[in-house]
C-alpha cells in the first residue's frame, strides 16, 4: 500500500516530468549556446593574445632594423606588419619608427608613405595626429605646401591642436602669408602651457612676425 510519502514523491516526479517536457528543449539550447559563447570568447582571447605576441615580435624586428640602419629590412618588416597586424598599436608605432629611420636614410618617399599609412589607418587618434604632423613637416621641406596643409585639415585631439596650429604657421610663413602665419602662431602660443620650451619657440616665431607676447598675455 502506497504511503503518503510515496504519493508525494510521485506527484513531484510527475511535475518534474511535465516541466522537462515543456521546457527541456529550451533549457538544452540555452546551455549549449552559453557553452558555445564561452568557448568562442576563450578562443577570441587566445587569438588576440597570439596576434599581439606576433605583432610585438615583428615590431622588435623593425626596431632592430632601425637601430642598425637597415632601410630594406625596415621596409620589409613594415610591409608584413601592415599586411597582417594593421589594426594593432604595434603597427602604428612601427610605422612612425620606420618613417623616422627612412627619412634619416634619405628615403623621403618611403618615409612619407609610412607616415601616410599611419595617418590613414591608425586606430588611435593620437598616432594619427603625430603622423599627420610629421608628414606635414616633410611635405613642407619639399615645398608641397597645399599637400602639407591638407594633412592638417582633419580634426586632431585637443592636446594636439596647438602643435597643428604651429605647423600651419610654419607652412604659411614658407608661402609668404605673414598674416595667416601670425594668426596660427597666436593660436599655438595660447594653447600651450606656460613656461614650456615649445611655447618659447613659438614666442620666437611670433616676435619674428612682429607680435609681442606680453600683449597677448593681457588679452
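Just so you know, all these numbers are worked out from the coordinates, no wet-lab data involved. Not measured: the values here are computed from a predicted model. Here the Cβ is made from the backbone with ideal geometry for all residues, glycine too, and neighbour counts use every protein chain on show.
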(request) Find how many whole Å separate the alpha carbon centroid of the range 113-183 from the alpha carbon centroid of the range 72-93. (result) 23
(message) What are the extents of the Cα atoms of the range 132-219 along their three principal axes, in Å, largest first?
(response) 36, 28, 19
(request) Using only the Cα atoms of the range 97-141, build the gyration tensor, take square roots of its eigenvalues as a ≥ b ≥ c, and label the shape rounded, prolate or oblate: rounded if a/c is under 1.5, else prolate if a/b is larger than b/c, else oblate. (result) prolate
(request) Work the Kirkwood hydrodynamic radius out for the range 105-166: mean of 1/r over every pair of different alpha-carbon atoms, inverted, in Å. (result) 11.6
(message) To make sure I understand, if each residue's beta carbon is the centre and we count other beta carbons within 10 Å, what order do 167, 200 fall in, fewest to most?
(response) 200, 167
(message) Between residue 161 and residue 204, what is the label-point separation in nm under the 7 Å Cα-to-beta-carbon projection?
(response) 2.7
